[in-house]
Amino acid sequence: HELGTHPYGYTPFSYDLTDYIKFGEENVIAVKVNHQTPSSRWYSGSGIYRSVDLTITEPVHVGLEGTAVTTPELGEGNTSRVKTVLDTTVDNDSEEEQKVKLLYTLYKKGDPEKTAVAAAETEEQTVAPGGQAEFHAETTVSDPDLWGVYDSQLYVVETQVQVDGRVTDTYRTDFGFRYMEFDSDSGFSLNGEHMKLKGVCMHHDQGHI
């Protein structure tokens, strides 16, 4: 059964296999690259260069790339108490409505203890069968390490989905605290530091052009 075709190899895509899985039997899942010549480049090597993952969830779970993290007030003069906004889409693939609440925990990426720097939870919502719901929460992070050129400290927000108090999904999202500005006189600045933008057109397997 063909699930679909994605015409461009540099953007992610996904398909829901649920209706086509034969439970209790051996299933074969195939991802095929259709290499065509000639193409737009003198050498157009093709293949699967990125991860291919099979994601298994319970019926009530965070939607695909479903958590967004924003810091709308982070900027010059405001880096000590940073308002952090958390928005999540939750899917209910079951045949019944579900009462859902989300719990968020934020910690530094790479911290083996996962020491919380902030936490939040949402109000409980009823999600219709086969439906989606948007959840919103806000918290404050004190004196976060900024994500810059020389200090690449990232953070993780762990989203826990609870249905009637039972955890049905735990979803982790990497993010960083940083702010940027473009000015016609002084140019570009990152986290309040002026710097030059440098770069090359570097493809993943063909070097500098």
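The values are calculated or read from the model by the stated rules, or taken from the named source; none is laboratory data. Since this is a predicted model, take the numbers as computed values, not measurements. All Cβ positions, even for glycine, are placed from backbone atoms using ideal geometry, and neighbour counts span all protein chains on display. Areas reflect the complete protein model, heavy atoms only, side chains present, ligands, DNA and RNA absent. Shrake-Rupley method; radii C 1.70, N 1.55, O 1.52, S 1.80 Å.
Descriptive notes on the structure:
- Taking a ≥ b ≥ c as the square roots of the eigenvalues of the alpha-carbon gyration tensor, region 2-98 is classed oblate because a/c is 1.5 or more while a/b is no larger than b/c.
- The 3J(HN,Hα) values that the Karplus relation (6.51, -1.76, 1.60; θ = phi - 60°) gives for region 10-17 are, in residue order, 10, 10, x, 8, 8, 9, 8, 8 Hz. Gly and Pro appear as x.
- Stretch gain in nm, segment His6-Arg81, where the contour uses 0.36 nm per residue and the Cα spacing is subtracted: 22.7 nm
- Sites Phe13 and Arg178, calculated FRET efficiency, Cβ-Cβ separation with R0 30 Å, nearest 0.05: 0.60
- Computed about the Cα centre, the dipole magnitude for the chain is approximately 920 debye when only Lys and Arg (+1) and Asp and Glu (-1) carry charge, each at its Cβ.
- When restricted to Cα atoms, the chain yields an Rg and a Dmax of 21.6, 66 Å, respectively.
- Rounded to the nearest 0.05, the FRET efficiency derived from the C-beta distance between Asn34 and Ala68 at R0 = 30 Å is 0.35.
- Counting 0.36 nm for each residue step from Ser152 to Asp164 and taking away their Cα separation leaves a gain of 0.5 nm.
- Computed from backbone phi, the HN-Hα couplings of region 120-135 come to 7, 9, 9, 6, 6, 10, 9, 9, 5, x, x, x, 10, 9, 9, 10 Hz, rounded to whole numbers (Karplus: 6.51 cos²θ - 1.76 cosθ + 1.60, θ = phi - 60°; Gly and Pro given as x).
- The region of the chain that goes longest without hitting one of the trypsin sites (Lys or Arg not before Pro) in a DSSP loop, each with at most 11 other Cβ atoms within 10 Å, is 51-195.
- Of the GluC sites (Glu not before Pro) found in region 1-72, those in coil by DSSP whose Cβ has at most 13 other Cβ atoms within 10 Å are Glu2, Glu25, Glu26.
- Computed extension length for Leu103-Asp143: 12.2 nm, one decimal, from 0.36 nm per residue of separation with the Cα-Cα distance subtracted.
- Rounded FRET efficiency, nearest 0.05, which uses the C-beta distance separating Asp185 from Ile48 and R0 of 30 Å: 0.05
- Lys198 paired with Glu58, simple spin-label distance in nm, labels 7 Å along Cα-to-beta-carbon: 5.0
- In order through region 80-91: 3J(HN,Hα) via Karplus (6.51 cos²θ - 1.76 cosθ + 1.60), integer Hz, x for Gly, Pro: 8, 10, 9, 5, 10, 9, 10, 10, 9, 9, 10, 9
- Looking at the chain, the accessible area is 71 square angstrom per residue; that uses a 1.4 Å probe and ignores ligands, DNA and RNA.
- Of the chymotrypsin sites (Phe, Trp or Tyr not before Pro) in region 111-209, those whose Cβ has at most 14 other Cβ within 10 Å and which sit in DSSP loop: Tyr150
- The chain: most fluctuating residue of Asp16, Asp174, Asp143 per GNM, C-alpha cutoff 10 Å: Asp16
- Summed over all non-identical Cα pairs, the Kirkwood treatment of region 117-209 gives a radius of 17.6 Å.
- Simple spin-label estimate for Tyr20 and Ala128 in nanometres, 7 Å along Cα-Cβ: 2.8
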